[in-house]
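Contents: one structure, followed by commentary.
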Ligand code: SF4
Ligand code: SF4
């Protein structure tokens, strides 16, 4: 197996080896089990989901040494593609996780995002903290905007200073994404740009990762530090930035910069399972708006490109207005429905928070 494999694991040999190679089948089976759980568990589903998220953090940080980073999976998948026809086993090793995650999305929607992704789980923790401590989710006051701007300027100054001391900053590239995230969140929070259009930037992230991969530039993602034997303080710092950003804008990284999230959202339009709202049962209480971290629900229904299939809306709706549609089976699936009629679409700081 190539020496590019991340190795900082408590257990550094496969749990369930494929044909005595280093290909770890446990992570792939784990993904399948999650898809089955997401499809079938209805009682205490959110508890089960949180347990899966905790297990996933433990499994992927400590045991399985296949990279599940949001950049790494794209890189590995592309690398595996180049090996087809020359080294099949190795090609499968690199491609196995990305392919299984894509397959899981086509079957059950982006359950990877809602149930497994460690970067997503870190943000969800921040969102939970925010819900507890912040009652008013309106736009920051002028004084708060200035204070936030000052903190951000200090941080960006620190990053610029740091970059001057490093190898063209490539080795610490994840901090670029962290800085961009802070800037985007700040602009959204003060109302200079809107939440929804800003989400399109994720496609730029995706193009950047593909471009750097084919150019043989290794750039690291947040949470990468957990997948590698190498010291990666930049990645660890970016992880902290993402956590902090999500205290201000729910799942900020998922919304604005995650390339993998963009891919999942794109593929979700072909998924077998979708969550939709039955307008006849909706009582416009807007409970669903409050529990959806990604702001995927608006007055026109569920925005599939931003839904992560966490099922929080389904489980919390007091009117049981949400339905999981199997579009392969139910050709006459419900049309996109109206929720919280008369309220503004989810744009701007209020929606972002
Ligand atoms: S959008 Fe990206 S960071 Fe968020 S859960 Fe999905 S893969 Fe993870
Ligand atoms: S729309 Fe529902 S299932 Fe989708 S991300 Fe929001 S709360 Fe989760």
Please compute the length gained on full extension between residue 134 and residue 214, using 0.36 nm multiplied by the number of residues separating them and subtracting their Cα-Cα distance. 24.5 nm
Relative contact order as a percentage, the stretch 25-118, C-alpha pairs under 8 Å and 6+ apart, gives 39
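Fewest first, what order do 79, 311, 186 take by the number of other Cβ atoms within 10 Å?
Values: 79 17, 311 24, 186 21.
Least to most surrounded, the residues fall as 79, 186, 311.
Read the figures in this text as sums done on the coordinates, not as results from a lab. Since the model is a prediction, treat every value here as computed from it, not as a measurement. With ideal geometry, Cβ positions are generated from the backbone for all residues, glycine too; neighbour counts draw on all protein chains shown.
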